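See structure below.
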């Protein structure tokens with residue numbers, strides 16, 4: 001059986017904290033579905049599985065902050081190696 005090919009991505013988590021909204025950027029690699037990976041990152045962004053979800057796909061953390069899976073873009077392995085010096089790798 002052929003081993004699945006690894007793909008590299010630049011991703012974002014959208015955070016809504018009261019009236020403030022901002023994006024956190026990170027890198028990831030996966031052989032699976034990148035949409036599922038970004039959902040897991042948003043759900044676990046504060047180090048624990050979110051206890052409550054919103055109808056629009058957001059995840060509540062401690063009743064104060066909502067995180068959403070943001071966008072992601074596939075990048076080359078070479079770009080990943082350079083960018084990981086500057087960004088969080090999850």
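The values are calculated or read from the model by the stated rules, or taken from the named source; none is laboratory data. This one's a predicted model, so the numbers in the text were calculated from it and none came from an experiment. Counting neighbours? That spans all protein chains shown, and the Cβs are built from the backbone with ideal geometry, glycine included.
Return the only residue of 64, 54 being surrounded by 11 or more Cβ atoms within 10 Å (Cβ to Cβ) and either closer than 24 Å to residue 3 by Cβ or modelled with pLDDT under 90 (or both).
54
For segment 15-31, name all the residues that are under 14 Å from the mean Cα position of the chain (by Cα) and surrounded by fewer than 18 Cβ atoms within 10 Å (Cβ to Cβ).
22, 23, 24, 25, 29, 30
Could you please give the count of residues in segment 1-39 that are within 26 Å of residue 78 (Cβ to Cβ) and out of contact with any strand residue (DSSP E or B) (no Cβ under 8 Å at 6 or more places or on another chain)?
7
Which of the strands (runs of 3 or more DSSP E) contained wholly in the chain include at least 3 residues that are touching a residue at least 12 places away in the same chain (Cβ under 8 Å)? Let's see the steps before the verdict.
Values: elements: 7-17, 20-30, 59-61, 65-75.
Hits in the chain: 7-17, 20-30, 65-75.
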